[in-house]
Protein chains: 2
Amino acid sequence: MSKSGNLALGMRPKLSERVADQLRERIQKGDFAPGAQLPTEGALVEQFGVSRTVIREALSSLRVDGLVKAHQGRGVFVCEDISQQPFRLCSKDLSEQDHMEQAMELRLHMEVSNAELAALRRTDADIEGIEAAIQKQHAAHLSGELGQTEDFSFHLAVANATKNSYMVDFLRFLGPFIIPANALHQMEPKKLPDYQQSLRSEHQAIAEAIKARDSNGAGTAMRNHLRKGLLDNSMARDI
Amino acid sequence: MSKSGNLALGMRPKLSERVADQLRERIQKGDFAPGAQLPTEGALVEQFGVSRTVIREALSSLRVDGLVKAHQGRGVFVCEDISQQPFRLCSKDLSEQDHMEQAMELRLHMEVSNAELAALRRTDADIEGIEAAIQKQHAAHLSGELGQTEDFSFHLAVANATKNSYMVDFLRFLGPFIIPANALHQMEPKKLPDYQQSLRSEHQAIAEAIKARDSNGAGTAMRNHLRKGLLDNSMARDI
DNA sequence: TATCATATGTTGTATGATGAGTGACGAATT
DNA sequence: AATTCGTCACTCATCATACAACATATGATA
């Protein structure tokens, strides 16, 4: 068809995403109330002046986000509770520096809580897992590796001891945002062994406090550990 | 009524979602390495024996989740950093009770940190916002309303004082999971005014500690406040 | 060698047809 | 009259095909 005169959409990014964004907006603005039925695909086709393919891809987008639910034979409806909307950590109006600082801060507080809870609830198996993680990181260091994966495993093991799976999930979600910030890469190779040594001793301190069921001690040990990481990235604040 | 996963009741899963799940699995299992190119849509059509529409809807799903990125004319590639994966709070293998407990625990620790940080960083404007929220909740109570929205606004105001937008975002994300758990609805109407009164005084205590820049005080006040909410729902643990 | 035109492969979009679930209406049966 | 059941219109789900837009490799040409 004649696509030359094509409307106020602008056509640089994918059409389907632009349509999806517009629909998202209208939903969140309350244009379509929760539980209400969206216009049918055919109606949207006419409204936006695009093909049904585009409309369906846009709706698919909203469906994955948990904003709408499609019922075959009935229509597409706005979800009653939009609480299922996923949490993302990518505010585009933040500088890279701010983003990193705030994400790291979020992780720090969360991990301090993890350590405190772990100390209260840990089983013997948890202790084994935590110490095994420390051993593996040590082994990685001896092999000349950076051992970042093993480092993260330690923190996951601590989170696991809280017996709260959401804590683990959230840490696992937060992890990738933090690891790239690690100053390991730009560190002088000469200082690396010292750094790794202090890293291990900090982990050890956390582990021992957890083992001793010392909640406060585990919390402060974790706080010191992570705050040190912040300092190495020269983004310390009053955390 | 069950939400989604449903093979039994004649409600068969959509083809596109089954394909999407299989692809997700293969990606996370490392079958497709990060940065690698997925098979072309045409290849996937043959592999799965479905139409291109289905393949495209499945890929669209992965795209929204941030697992893959499609480039017109080149192909579909697994994202280098899967960090953009959204965080969801809906582990299906958890009982409703466990889900609520763990989500609430996550919120509690996060809000305690918020209160502590708010006390350190609050400006005078933050104090005004917090106290305004308390006033509005009071007004709502006087009007005979439950004032749950205003209650949440108070917590958001505290989060806002941390100057960490992710704290606000995360609380806003967590909020809807918690509010329905509030025991307000099943409370004897006679006790309601007392409950609302104590709610307000707890909020007031938090606000005053923040105003006094008493970090520890604000943290414990918030902990007490939320732990009380837990007790009212008879799901107290060693938090 | 360097540059440009072309061919090929890929995703994006458009269109039409068919299958399948839902709900409403009305005719047939009890 | 009340209930059952078939029909029909409407909807989303899937399929199939074609073309457009973009990226890259290939080969011809200067």
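A few notes on this one:
- Long-range HN-HN contacts of A:V68 with modeled amide H, under 5 Å: A:R63, A:C79
- Relative exposure of B:M110, B:M167, judged by other C-beta atoms within 10 Å (fewest first): B:M110, B:M167
- Whole-Hz couplings from phi, Karplus 6.51/-1.76/1.60, listed for the stretch B:57-73; x for Gly and Pro: 5, 5, 4, 4, 4, 5, 5, 5, 6, x, 7, 10, 9, 9, 10, 4, x
- Inter-copy spacing of A:E208 label points, which lie 7 Å from Cα along Cα→Cβ, given in nm from shortest upward: 4.2
- Position A:E80, label points 7 Å along Cα→Cβ, spacing to each other copy in nm (shortest first, one decimal): 4.4
No value in this document is a laboratory result; all are computed from the given coordinates. Computed from a predicted model, the values in this text were never measured in an experiment. Every residue, glycine among them, receives a Cβ derived from its backbone with ideal geometry; neighbour counts consider all protein chains shown.
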